Amino acid sequence: MCEPITMLDIFTCLLGALFFIFIGFRPPWQPKKLQDFRHKEVQDIPGPLSLPLIGTRWLFTIGRYQMSKIPEFYKDMLRKYGVIFKEEALYNVPIISVVERSDIETVLKSTGKWPMRPPTAAVAKYRKAHPERYASTGLVNEQGGKWHFLRTSLTTVLTSPKTINDFLPQMEEIADDWCHLIKQRRYRDGRIDHLEELAGRLGLEATCALVLGRRMGFLIEDQRCEVAEKLAQSVHDNFVACRDTYFGLPFWTAFPTPNYKKLCESERNMYEFASELIKTADESTKDSAVFQSVLGAHIDEREKKSAIVDFLAAGIYTLKNSLLFLLYQIAMNPECQKKILEDTTKTYLKACSMETFRLSPTVHALARVTDTDLVLSGYKVSAGTVVLCQSALACQSERNFNDAKAFKPERWLNEEKNQTSATAAYLVTPFGYGKRICPGKRFIENALPIVLEQMVQKFVITTERPLEVVFEFLVSPKEPISMTFKDRT
């Protein structure tokens with residue numbers, strides 16, 4: 001006769017079942033896919049060894065990876081762990097990287113009313129410590145309603161198509177002056193050994209002309225502006241210090257480390273040198289739609305000045321690096337120069353810019369803090385998780401673009417255009433995506449083809465030196481940069 005089942009028997013069975021579930025036991029009748037899906041949580045995502053408290057930051061301090069080669073680190077992670085992998089920040093906070101196009105689209109489309117991105121904590125700390133200059137931590141670092149208020153108050157005119165269209169004739173003049181400077185500075189064989197210095201001067205001149213509404217004279221050969229040179233150097237130092245404090249061990253949160261001191265000095269110098277340029281504003285500045293819109297904004301006066309400083313810094317650095325990447329691709333592909341000259345519609349110029357954005361973006365990944373729970377490559381990712389959309393890696397994948405590592409502007413034209421544009425919608429994002437897109441996007445996108453057209457019309461552009469890149473919080477060409485510009489006959 002069978003013994004009656006007691007509560008103890010039931011409890012024992014449940015306890016045993018829980019034990020086998022915990023250790024990952026899969027009974028023969030349970031499909032493996034179901035078992036895998038059940039256990040795919042954030043902690044199951046593969047990645048490098050994480051240490052208590054400091055996470056994976058040790059890789060850039062005592063490990064074999066350099067902070068100047070962060071994109072190479074992520075390329076290595078993709079090779080080792082696949083299209084989704086995990087690193088951990090301070091206190092073992094997970095940071096998930098996704099490379100699959102569908103995952104990137106899921107993350108970028110899921111952001112809510114006010115998309116969140118991880119702040120640059122060291123900059124935020126510095127600005128909070130200086131309320132006499134800053135009323136907030138700035139557009140890049142603020143979140144939620146405060147970010148939205150700053151964005152709508154300060155960038156509406158800068159992002160307007162009318163503003164940029166009105167600026168284009170002046171950009172034509174600036175491009176012509178830059179070509180004249182190239183002629184003056186090259187050697188007899190047409191070679192220029194430090195093209196980055198001249199590209200920086202172009203970035204200064206164009207950005208100041210847009211924001212301050214006047215030509216500053218940075219492209220005049222014999223005119224040297226010490227303030228402008230120091231501003232450009234401070235911008236560079238600031239980006240490098242942001243990188244080192246962001247990816248390095250966070251000792252700067254406890255005491256002022258050399259990297260944090262460098263960041264503080266560069267923030268202070270950027271503010272002071274940009275202020276000197278703002279003081280030079282004259283009657284012509286009254287015609288600057290960008291400058292006047294900022295001054296007229298119903299917002300704290302400190303926000304106005306810091307916004308202009310940030311506009312100048314971002315514009316200088318982004319235009320300089322984007323132009324250098326574009327000229328390198330054109331120099332390495334002489335057939336493209338011929339096609340630019342033959343194309344009367346100027347669509348090939350824009351295709352060259354877009355292809356450069358795909359192959360050599362200054363932003364290698366987009367960071368988001370998820371608003372909702374998501375499933376990425378089969379893993380459940382909770383709301384509030386930091387996710388890096390590795391768009392640069394995705395752009396060089398054959399799964400997304402045919403002959404992905406080749407420079408082919410034609411993919412943006414004719415019958416290939418629709419397919420390329422559809423694939424690129426969430427991948428070719430050098431200025432960010434959605435509501436948090438860089439306010440200077442339209443300015444850079446329109447300035448580059450103008451400069452390129454004039455350069456190709458006047459010069460045969462060549463280079464024999466491969467272009468290396470370094471990570472300086474943005475991806476930049478490694479200096480010095482050498483190219484040859486011979487007169488086109």
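The values are calculated or read from the model by the stated rules, or taken from the named source; none is laboratory data. Here the structure is a predicted model, which means the values were calculated and not measured. Note: ideal-geometry Cβ built from the backbone for every residue, glycine included; neighbour counts use all protein chains shown. The area values use the complete protein model at the heavy-atom level, side chains included, leaving out ligands, DNA and RNA. Shrake-Rupley method; radii C 1.70, N 1.55, O 1.52, S 1.80 Å.
For the reader, a short list of remarks on this structure follows.
- Listing of helices (runs of 4 or more DSSP H) fully contained in the range 281-375 that carry 3 or more residues being in the same structural domain as Arg268 (by the TED database) and either in contact (Cβ under 8 Å) with a residue 40 or more places away in the chain or among the β-branched types (Val, Ile, Thr) (or both): 289-295, 301-332, 334-342
- Strands (runs of 3 or more DSSP E) wholly inside the range 418-489 containing at least 2 residues that are open to solvent by less than 10 Å² (accessible area, probe 1.4 Å): 459-462, 475-477, 483-487
- Scanning the range 221-239 for residues that are open to solvent by less than 20 Å² (accessible area, probe 1.4 Å) and over 23 Å from the mean Cα position of the chain (by Cα) returns a single hit, Ala228.
- Evaluation of Ala394 against (1) in contact with a Leu (Cβ under 6 Å, 6 or more places away or on another chain); (2) within 18 Å of Glu445 (Cβ to Cβ) (one fails), failing number: (2)
- Residue satisfying condition, being modelled with pLDDT of 95 or more and open to solvent by 60 Å² or more (accessible area, probe 1.4 Å), within set Glu283, Glu335, Glu272: Glu335
- Of everything listed in (1) surrounded by 21 or more Cβ atoms within 10 Å (Cβ to Cβ); (2) outside any loop (DSSP other than H, G, I, E, B); (3) modelled with pLDDT under 95, the single unmet condition for Phe218 is (2).
- Restricting the range 240-269 to residues that are small (Gly, Ala, Ser) and part of a helix (DSSP H, G or I), the residue that is surrounded by the most Cβ atoms within 10 Å (Cβ to Cβ): Ala241
- Residue in the range 452-462 that is free of Cβ contacts under 8 Å to residues at least 24 places away in the same chain and either β-branched (Val, Ile, Thr) or touching a Pro at 6+ places or on another chain (Cβ under 6 Å) (or both) present: no
- For the range 157-192, the set of residues classified as assigned to a loop (DSSP other than H, G, I, E, B) and surrounded by fewer than 15 Cβ atoms within 10 Å (Cβ to Cβ) consists of Tyr187, Arg188, Asp189, listed by residue number.
- Scan the range 71-129 for residues that are of a type in the set (Gly, Ala, Ser) and in a helix (DSSP H, G or I) and the total you get is 4.
- Here Lys478 qualifies as without any contact (Cβ under 8 Å) to a residue 12 or more places away in the chain and assigned by the TED database to the domain that holds Leu219.
- Any chance Ser288 is open to solvent by less than 10 Å² (accessible area, probe 1.4 Å), small (Gly, Ala, Ser) and closer than 30 Å to Lys458 by Cβ: yes
- Some residue of the range 384-403 being open to solvent by 20 Å² or more (accessible area, probe 1.4 Å) and part of a strand (DSSP E or B): yes
- Filtered by the rule that a residue be part of a helix (DSSP H, G or I) and among the acidic types (Asp, Glu), the range 193-215 gives Glu196, Glu197, Glu205.
- Against the test of being charged (D, E, K, R), open to solvent by 10 Å² or more (accessible area, probe 1.4 Å) and more than 19 Å from the chain's Cα centre (by Cα), the options Lys69, Lys109, Lys125, Lys75 yield a single qualifying residue, Lys125.
- Any hit, the range 88-103, residues being open to solvent by 10 Å² or more (accessible area, probe 1.4 Å), acidic (Asp, Glu), touching a Gly at 6+ places or on another chain (Cβ under 7 Å) and over 20 Å from Val475 (Cα atoms): yes
- Count of the range 133-151 residues which are open to solvent by 40 Å² or more (accessible area, probe 1.4 Å) and touching a Phe, Trp or Tyr at 6+ places or on another chain (Cβ under 8 Å): 3
- Within the range 338-351, restricting attention to residues that are of a type in the set (D, E, K, R) and open to solvent by less than 90 Å² (accessible area, probe 1.4 Å), the residue that is nearest to Glu479 (Cα to Cα) is Lys339.
- Filtering the range 196-207 for residues that are open to solvent by less than 50 Å² (accessible area, probe 1.4 Å) and either hydroxyl-bearing (Ser, Thr, Tyr) or not assigned by the TED database to the domain that holds His298 (or both) leaves a non-empty set.
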